[in-house]
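Notes to accompany the following structure.
The values are calculated or read from the model by the stated rules, or taken from the named source; none is laboratory data. If you're wondering where the values come from, they're calculated on a predicted model, not measured in any experiment. Glycine gets a Cβ as well: all are built from the backbone with ideal geometry, and neighbour counts include every protein chain shown. The area values use the complete protein model at the heavy-atom level, side chains included, leaving out ligands, DNA and RNA. Shrake-Rupley method; radii C 1.70, N 1.55, O 1.52, S 1.80 Å.
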Amino acid sequence: MRRISRKKRSTLANRAIAASAALILGGGGLVAVNVYASAGEGPSGSSPPTRTQNAGSQLSTIDCPEAVNGLPDVPDEARGEVDRELAAMDTQITDAYQQFADRKEQIARDPGLAENAVLGPLRSKRTASLDRIGIAIGRVGERPAGLESLAGCSLRADDSRGGNGGGRGDGNGGRGNGGPGDGGQDDGQDQDQGQNQGQDGGQGQDPGGQDPGQGQDPGQGQDPGQDQGQGGNGPVAADFVDIQSVQPGVDRPRQRRGASRGTFTTDCGRNENGKFNPDNVIVAPGVSNGAHHMHDYIGNQANDAFASDDDLANGATTCRNQGDRSTYYWPVLRLQNGQNEDDADADGGGRDQNVGEIQTPSQVTLKFVGSPVGRVTAMPRFLRIITGDAKAFTNGDANANASWSCTGFEDRQLTDKYPICPEGSQVVRTFAFQNCWDGQNTDSANHRTHVAFAQDNGRCPNGFRAVPQLVQRIVYDVPPGPGFAVDSFPEQLHKPITDHGDFINVFDDRLMKKMVRCINDGRRCR
């Protein structure tokens, strides 16, 4: 079994510890279930009144508004300080659920202790951090009002999302409805694959008018995650569905005259060399274990939490064409087979409830495609794009954008279910990244507003321009059945809807120009 190297293991072991707790009051005693911290924003954007719930055997979570979503545009001069405070707020939530773990017996006897000893202090710390964020922004611009409304947190039981991940076990791969059905196929087939991505607006239509996976028992006679590797932290049986029960439903929007029909494929390997870390230099620069789950990395090998643009520009790359030093990363997929990696007691691994045998993909395809209505323009160097939402289970599915399928069945796509593939078929996860850029910024405060998906008519929103769209297809040869899951934040319970991908463009100018010419001229290039 492939292991994380001793050097990497040492690095991981020195990072901050995230904890989990067991707590629920019910039936006159303590019921052992998991309580995790969530930085998720509630449906109204603010937290409901705090209460300690008698939820039987349901999972529980600490629910806090996602602070970054409530911030205005952050001036560049304040970005570093704001990022540090946002990271501190994540640490505060981690500390809060550690408090639940340390005091679970006391809280069982005195439910009010959850409010007095944990949630109250958490709100006070968040209020102080939000105040410092306001001061930092106010030094170089107008101080934002109303930040204190983001401080509130509550303890809530896992709701109906726990059974079906939001009920979208049917869709067309979120916003990328053209690519998941055929992304990564042989370049000699289906020249139009991936074109017109992003036109379903994330509606996730339900082919056949039903959710093929909701509440189904995958037939294995067990609850994956309850008796296997995740030790009760998910996933559960209802998170899986037999792909053969899913109705085909991948639409291919019509291309228009003037569409850019070419493709550019870059080969960067499958992470055969085992580069992992639980950092995220886009979301949490300078913060070790900022992701609280392990990532696979291909392409640029200099990527960790502390990598600067210069580091990336000078980093080695696994890409065959050395003009591509971009970094491509995503949460690892693990088998829940009782076999642990060397990160079983490390941050991003076992300390963050991510256990099991990490799987190296059998195939990774990185293909850039064009616009259905016109020409594309070059991406700026160091453009950062995140597609999907690592916290979609608690945030809701507005930004969810990954799809799951099986080889031989890629006209059937799932957004909130893992597929059970028949014998001889492999699991496929697909990401179709945003294909419109604001023409100015390589990143934004929430890491989303500088890029967008094309509208239903294939055109970019006003003020945005079309850029080559990355369609990423990752294939795994795993045993048939429900015994696998992606790494996630602990409170996200390893739900498939939380899957996500990250990309930083570090193509050199020559190769980027070649990519744009190929796509605009309707050619297939590598």
Inset, instruction - Go over the candidates Arg523, Arg459 one by one and state the one that is touching a helix residue (DSSP H, G or I) at 6+ places or on another chain (Cβ under 9 Å), of a type outside the set (Ser, Thr, Tyr) and either under 24 Å from Gly70 (Cα atoms) or surrounded by fewer than 24 Cβ atoms within 10 Å (Cβ to Cβ) (or both). - result: Arg523
Inset, instruction - Pull up the stretch 435-448, narrow it to residues that are open to solvent by 30 Å² or more (accessible area, probe 1.4 Å) and without any contact (Cβ under 8 Å) to a residue 60 or more places away in the chain, then point me to the one that is farthest from the chain's Cα centre (by Cα). - result: Gln440
Inset, instruction - Please work out if Leu511 is open to solvent by less than 30 Å² (accessible area, probe 1.4 Å) and assigned to a helix (DSSP H, G or I). - result: yes
Inset, instruction - Would you mention how many residues in the stretch 322-339 are under 23 Å from Asn300 (Cα atoms) and small (Gly, Ala, Ser)? - result: 2
Inset, instruction - State which residue pairs qualify: first residue farther than 22 Å from Thr430 by Cβ and inside the stretch 489-516, second residue hydrophobic (A, V, I, L, M, F, W, C) and assigned to a helix (DSSP H, G or I) in any location, beta carbons under 6 Å apart, and separation of 6 or more residues or different chains. - result: Val506/Leu312
Legend entry - Test: Arg473 is basic (Lys, Arg), open to solvent by less than 20 Å² (accessible area, probe 1.4 Å) and either part of a loop (DSSP other than H, G, I, E, B) or touching a residue at least 24 places away in the same chain (Cβ under 8 Å) (or both): yes
Legend entry - Condition broken by Ile497, with the remaining ones in (1) of a type outside the set (S, T, N, Q); (2) touching a Lys or Arg at 6+ places or on another chain (Cβ under 9 Å); (3) surrounded by fewer than 21 Cβ atoms within 10 Å (Cβ to Cβ); (4) more than 22 Å from Asn303 (Cα to Cα) satisfied: (3)
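So, of the residues in the stretch 116-128 that are without any contact (Cβ under 8 Å) to a residue 60 or more places away in the chain and of a type outside the set (A, V, I, L, M), which turns out to be farthest from Gln99 (Cα to Cα)?
So the residue we want is Thr127.
If I go through the stretch 497-511 residue by residue, how many of them are of a type in the set (D, E, K, R) and closer than 24 Å to Thr415 by Cα?
So the count comes out to 2.
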Legend entry - Pair list, Cβ under 6 Å, 6 or more apart: the stretch 338-354 residue basic (Lys, Arg), other residue open to solvent by less than 40 Å² (accessible area, probe 1.4 Å): Arg351/Ala18
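Condition check ((1) open to solvent by less than 50 Å² (accessible area, probe 1.4 Å); (2) modelled with pLDDT under 50; (3) in contact with a strand residue (DSSP E or B) (Cβ under 9 Å, 6 or more places away or on another chain)) across all residues:
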{"site": "Ile93", "(1), (2), (3)": "yes, no, yes"}
{"site": "Gln98", "(1), (2), (3)": "no, no, yes"}
{"site": "Glu105", "(1), (2), (3)": "no, no, yes"}
{"site": "Arg132", "(1), (2), (3)": "no, no, no"}
{"site": "Val140", "(1), (2), (3)": "no, no, no"}
{"site": "Pro144", "(1), (2), (3)": "yes, no, no"}
{"site": "Gly166", "(1), (2), (3)": "yes, yes, no"}
{"site": "Gln197", "(1), (2), (3)": "yes, yes, yes"}
{"site": "Gly201", "(1), (2), (3)": "yes, yes, no"}
Inset, instruction - Provide a single number: the residues in the stretch 287-307 that are more than 23 Å from Glu491 (Cα to Cα), touching a helix residue (DSSP H, G or I) at 6+ places or on another chain (Cβ under 9 Å) and either modelled with pLDDT under 95 or open to solvent by less than 10 Å² (accessible area, probe 1.4 Å) (or both). - result: 2
Inset, instruction - Determine which member of the set Asp170, Asp159 is open to solvent by less than 50 Å² (accessible area, probe 1.4 Å), acidic (Asp, Glu), modelled with pLDDT under 80 and not in a helix (DSSP H, G or I). - result: Asp170
Inset, instruction - Report the residue count in the stretch 324-339 for those that are assigned to a loop (DSSP other than H, G, I, E, B) and either open to solvent by 10 Å² or more (accessible area, probe 1.4 Å) or of a type in the set (A, V, I, L, M, F, W, C) (or both). - result: 5
Inset, instruction - Within the stretch 435-466, work out how many residues are part of a loop (DSSP other than H, G, I, E, B) and in contact with a Cys (Cβ under 7 Å, 6 or more places away or on another chain). - result: 5
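Applying the selection to the stretch 483-508, what residues are more than 29 Å from Phe264 (Cα to Cα) and either assigned to a strand (DSSP E or B) or of a type in the set (Val, Ile, Thr) (or both)?
Result: Phe484, Ala485.
Given the criteria among the β-branched types (Val, Ile, Thr), in contact with an Asp or Glu (Cβ under 8 Å, 6 or more places away or on another chain) and within 30 Å of Gly249 (Cβ to Cβ), does Ile358 qualify? Before the answer, list the steps.
Numbers: among the β-branched types (Val, Ile, Thr): yes; in contact with an Asp or Glu (Cβ under 8 Å, 6 or more places away or on another chain): yes; within 30 Å of Gly249 (Cβ to Cβ): no.
When the stated conditions are applied, Ile358 does not pass them.
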